[in-house]
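Chemist: My structure is below; once you've seen it, I'll send some questions.
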Amino acid sequence: MPDVVIVGAGLTGLSAAYHLEQQGVRDILICEQEERPGGLLRSHTDQGYTFDYTGHFLHISNPAFRQFIDDCAGLSFFGSIERKSAIFMHNVHVPYPIQMHLYGLPAEVIYECVMGYLQRSSRKKKIDSFYDWALFYFGAGFVKHFFDPYNARLLSWPIKKLHAGWTGRFVPQTTVQQVVRGALVPADATGVGYNSSFLYPQRGGIEVLIKGLLSRITSPVYTTTKVVKIDQQKKCIYCADGKSYTYRHLITTAPLDTTVQALARSPHDAFAGVARQLWCSSLININIGYARQTAQPYHWVYFPQPTYAFYRLGVWNNISKHLAPAGTSSVYVELSYQARKTKRSAMQGACEQAIEQATSYLGLTAQDIVSQVTLELPHAYVTYTPWRARHLAGLLSALKEHDIYSVGRFGEWKYSSMQEAFEDGYAVAAHIVARRKGGH
């Protein structure tokens with residue numbers, strides 16, 4: 001039997017395989033339910049346009065991750081890009097992040113944001129929700145005009161019901177001086193935030209990284225192999241094609257809700273019902289290729305107001321000119337919904353509206369559209385519910401007791417970056433190597 005079975009050939013699963021092999025572990029089998037590896041780091045081509053599963057950009061602060069990228073795909077193949085992003089609200093573009101760039105917005109909005117920031121409580125009371133967190137750090141005005149509407153649209157979930165742990169570490173903090181100055185004069189957004197600069201392949205889309213990584217590992221990847229059942233007692237996985245595989249250690253990067261569903265053997269099983277407590281948004285990623293260029297200069301733009309059907313729009317050809325044929329342009333728009341509350345078919349009208357609104361916003365026409373590719377992400381952003389905060393650590397620990405390591409963005413049911421996917425793969429590989437050396 002394989003020493004290690006890995007479920008999922010996305011970045012986390014392949015990073016785990018890579019690091020296990022680096023430590024001399026060779027008896028590895030990787031199961032991937034899609035037709036090709038990559039997970040959300042796959043790229044699609046259509047009529048000369050290259051589209052990813054929304055924007056996946058490399059933000060590197062770990063030297064080991066930088067070396068990993070260089071080893072797998074070659075850093076020289078990636079362009080280093082200074083972020084140019086904006087927020088579009090009240091028919092005005094302001095640079096991201098809004099807490100430092102109020103200049104140009106209606107006077108009433110500026111007043112409410114500045115006064116709300118100045119009138120915040122100076123005493124840090126108990127913060128239970130993301131709403132409380134944003135109110136404490138940024139004040140009522142910023143919450144009203146950006147943090148509440150944007151995050152509610154991103155997650156399709158009210159932020160008063162989000163745990164305070166949701167994405168706070170990714171939100172740039174600010175000072176009174178920055179808020180006031182940014183309200184009076186245009187401010188420089190350079191270097192602000194974790195994503196102020198990023199790396200992206202000059203050609204081929206983000207899947208270039210996956211292709212390079214696959215060339216560095218020898219473990220077999222069985223595609224179109226969906227795991228439907230896990231028997232933790234027999235240490236065996238069962239696949240939709242009728243095949244089964246036993247293991248000593250199981251690494252799963254599959255979404256945690258699907259993992260616990262595969263584990264539940266009866267209504268009385270300890271894992272039964274857990275999946276219903278794990279919420280996440282689903283995402284519709286509409287990619288459009290246009291025969292003409294757009295004048296919009298941004299890499300991506302946030303849309304907090306419900307006037308637009310989408311909450312974010314990105315311009316592929318501004319990220320890399322090679323993602324679209326010369327003289328043309330290509331974009332993506334993102335729409336979010338909770339699949340358990342809204343049927344996908346009910347989103348069709350919003351999708352059609354999104355295409356019309358994006359085209360108009362870009363200064364183009366429907367006749368300019370030459371390519372349209374819609375990519376679905378059933379699991380997009382994990383919903384940080386209070387239940388998750390109370391029970392997630394115990395759930396992951398219970399799986400580990402059966403030598404099942406649920407890791408990665410969806411395996412650990414968290415919001416994380418590509419660098420963290422690499423780190424999660426490294427960490428689980430190191431743990432298994434240590435157990436092997438200890439005779440486990």
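Every read-out reported here was derived from the displayed coordinates using simple, explicitly stated rules and does not represent laboratory data. Everything numeric in this text was worked out from a predicted model, so none of it was measured. Note that we place each Cβ from the backbone using ideal geometry, even for glycine, and neighbour counts take in every protein chain shown.
Chemist: Quick one: if you stick a label point 7 Å off each Cα along the C-beta vector at Asp241 and Gln372, how many nm between them?
Modeler: 3.5 nm
Chemist: Run the Debye formula on the Cα coordinates of region 347-401, all scatterers equal and no solvent, and tell me log10 I(q)/I(0) at q = 0.13, 0.22, 0.23, 0.31 1/Å.
Modeler: Log10 of I(q)/I(0), two decimals: -0.59, -0.94, -0.99, -1.18.
Chemist: Shifting gears a bit: Return the inverse of the average 1/r over all pairs of distinct C-alpha atoms in region 1-105, which is the Kirkwood hydrodynamic radius, in Å to one decimal.
Modeler: 17.5 Å
Chemist: A further question follows. Which of the lysines could be linked to Lys229 by a straight reach, that is with a Cα gap under 27 Å, when you skip same-chain ones fewer than 8 residues away?
Modeler: Answer for Lys229, where 27 Å is the Cα cut-off: Lys243, Lys341, Lys343, Lys400, Lys414, listed by chain and number.
Chemist: Cα convex hull of region 116-226: how many Å³ per residue?
Modeler: 199 Å³
Chemist: Can I ask one more? Given a cut-off of under 8 Å on Cα pairs at least six residues apart, what relative contact order in percent is computed for region 98-184?
Modeler: 44 percent
Chemist: Another question about this same structure. Please state, as a whole number in µm²/s, the translational diffusion coefficient that the Stokes-Einstein equation yields for region 280-382 at 25 °C and 0.890 mPa s, with Rh defined as the Kirkwood radius across alpha carbon pairs. Write down the numbers at each step before the final one.
Modeler: On the way: Rh = 14.0 Å.
After rounding, the answer is 176 µm²/s.
Chemist: Could you list which residues have their amide H under 5 Å from that of Arg312, counting only those 5 or more apart in sequence or on another chain, with H placed in the peptide plane?
Modeler: Here the answer is Phe303, Glu334, since their amide H atoms fall under 5 Å of that of Arg312.
Chemist: Net charge around Thr328, counting only other residues with Cβ within less than 13 Å of its Cβ (Lys, Arg = +1; Asp, Glu = -1)?
Modeler: In short, 0.
Chemist: Dipole of region 98-184 (Lys/Arg Cβ +1, Asp/Glu Cβ -1, origin at the Cα centre): which of Trp133, Cys113, Tyr103 lies farthest to the positive side?
Modeler: Of the listed residues, the answer is Trp133.
Chemist: Which value does Rg/Rh take for region 375-440 over its C-alpha atoms, Rh per Kirkwood?
Modeler: Rg/Rh for region 375-440 comes to 1.03.
Chemist: While we're here: Quick check on the chain: what are the equivalent-ellipsoid semi-axes from the Cα gyration tensor, as sqrt(5λ), descending, whole Å?
Modeler: After scaling each eigenvalue by five and taking roots: 37, 27, 21 Å.
Chemist: Can you tell me the convex hull volume per residue for region 232-293, based on C-alpha atoms, in Å³ to the nearest whole number?
Modeler: 164 Å³
Chemist: Would you work out the relative contact order for the chain, in percent, from Cα pairs under 8 angstrom that are 6 or more residues apart?
Modeler: Relative contact order for the chain comes out at 25 percent.
Chemist: Treating only the Cβ atoms of Lys and Arg (+1) and Asp and Glu (-1) as charged, compute the dipole magnitude of the chain about its Cα centre; round to the nearest 20 debye.
Modeler: Dipole size: approximately 1060 debye.
Chemist: Right, here's the next one. As an exercise, use a Förster radius of 30 Å and the Cβ-Cβ distance of Ala430 and Arg169 to find the FRET efficiency, rounded to the nearest 0.05.
Modeler: 0.80
Chemist: Further question on the same structure: If a helix is a whole DSSP H run, which ones in the chain reach 15 Å or further along their own axis (Cα) and hold a mean Kyte-Doolittle hydropathy of at least -0.5?
Modeler: Qualifying helices: 11-22, 107-118, 386-400, 418-437.
Chemist: Let me ask something additional. Mean shadow of region 104-170, computed from the convex hull of its alpha carbons, in nm²?
Modeler: 4.8 nm²
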